[in-house]
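Read-outs throughout are calculated quantities, based only on the coordinates presented, and are distinct from any laboratory measurement. In this text, all values refer to a predicted model and were calculated from it rather than measured experimentally. Reconstructed Cβ throughout: ideal geometry from the backbone, glycine too, with neighbour counts over all protein chains shown.
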Amino acid sequence: MENTKRKAEGYTEGNTHAAGTAKNTESRASRYLMPAFIAFIALLAAVAVIFMLILPQDIVDYSAGNTYGNIMNGGRILEAGGYLFYASDGNGLLKIPVSDEAQMTTTEVIDDGLCGNISEVQSRVYYETGGTLKSYNFLNSSDVASVSFPQVIGSWIYYINDSGVICKMRSSGKDARELGLVCPDGQFYVENTRIYYKGADGCIYFAMIDGSDNEQLVSANVDKFFLSNEYLYYSTSDAIMAFMIYERTSTIINEINGEAVFNIFGYNLIYTDGSGIKAIDLSSSNINRVVQDISDLNAVEIYSSDSSAYFITDTGELYRLSTVPGTPELVNLGI
C-alpha cells in the first residue's frame, strides 16, 4: 500500500516537473516569438503608411464620369448617378434625370452661374464657375479652391495658374505645387504617371506627373487634341491627324476645311468642320477610311461619354447620339 502511495506521489511529482519543463519551454518560445511578432506588425504598419503616402500621387484613377470626352472642349457634359449634368449657357448647371437610377424625377439647377470643367470622383461632382472649383455631393455644393481649368483626378486637383503653368494640389485644397509645364490654353490630360499637354508654341508635349522628363511629341501647330489609348488625335488648320505615341508616327485621318471640332465616341471620331456632323470608324484601315454623314446640325461643341456623344448647336440646343450610324435626338432639359 505504501509502495503504491509512493508510486502515485512520484507520478504526480513527475507530472509537475514535466509541466514545469513545458511551461519553461513555452515561456522561452514566447520570449523569442513576441518580439518577432511585434516587429512583423510594425513592418506591416510601415508598409501601409508608405503605400498610403505614395498611392495618391503616383496612381491616377479615372472614376466614372471623368472621361477624356467630358474633359475635352471645356467639360460641359457629365453622366453620373442616373443624371445628366449639363453646364448650359443660360440656365446654369442642370441636373437632369435620365435613368431609373436617379433619385429625383425633375430637373434641378445646381448652380445658376456659367459653369464648366465638370468631373466626378468618388461620388462627388466637381465643377468650375467664376474661377472657383466647387464640390457637389448630390445634396449641396461647397467651395474647394480658386483655380483655372481644373481637373479632379484621384486625390489630386490639376489646374493652370496665372502664369499658364500646370499645377497640382490635394483634393482638400492643400499642398499646392507647380510642375513647370507651360500650358496657357488649359489643354492637358493626366494618364497614369504622365501628363500630355499643349504647350505655348502650339505643339504637344508629355512629361511625368512631377514635371520631369518633359519631351515634345508633335511639332505641328495643333488646335485641339485628344488622348485615346496609344494615340493622340489632333486637328490642325487643314486636317485631323492620328499620332502613334510609341512609334512616334503621324497619320492623316481626314482633310478638313478650316477649324474643326471633334471628339472620340467608342471606335469613332466624330467631327464637324462647319458642314454638318460626320463620323469616321477608327477601327478600320488607315487607307480609304469611310466618312459617314451623321447630321446637318451646326454643332459648335462635341462631347462624349461611355454611352453617348453630345452636340451643342449654334442655337444652344443639346442633342444626344447613342449609336453610329444613328440620328441625334434633342435632349429634353426639363426646364
State the three equivalent ellipsoid semi-axes of the range 220-335, derived from the C-alpha gyration tensor as the square roots of 5 times its eigenvalues, in descending order and whole Å. 25, 15, 13
Step through the table entries Lys224/Lys278; Lys174/Lys224; Lys168/Lys224; Lys134/Lys168; Lys95/Lys168; Lys168/Lys198, compare each Cα-Cα distance with 25 Å, and write down the pairs that go over it. Lys174/Lys224; Lys95/Lys168
Give me Leu139, Leu93 sorted ascending by neighbouring Cβ count inside 10 Å, so fewest comes first. Leu139, Leu93
Which whole-angstrom value gives the distance between the alpha carbon centres of the range 204-250 and the range 120-138? 28 Å
Two pseudo-spin positions, 7 Å from Cα along C-beta at Glu191 and at Gln103, lie apart in nanometres by 3.5 nm
Label zone at Leu114 (point 7 Å along Cα-to-Cβ), backbone N below 17 Å, the range 156-183: none
Just the Cα atoms of the range 186-262: what Rg and Dmax do they give in Å? 12.0, 38
Alpha-carbon spread of the range 156-307, three principal axes, descending order, Å: 48, 32, 27
Would you mind ranking Ile302, Ile335 by Cβ crowding within 10 Å, fewest neighbours first? Ile335, Ile302
Paramagnetic label zone (point 7 Å from Cα along Cα-to-C-beta, Asp89; backbone N under 14 Å) in the range 307-322: 311-319
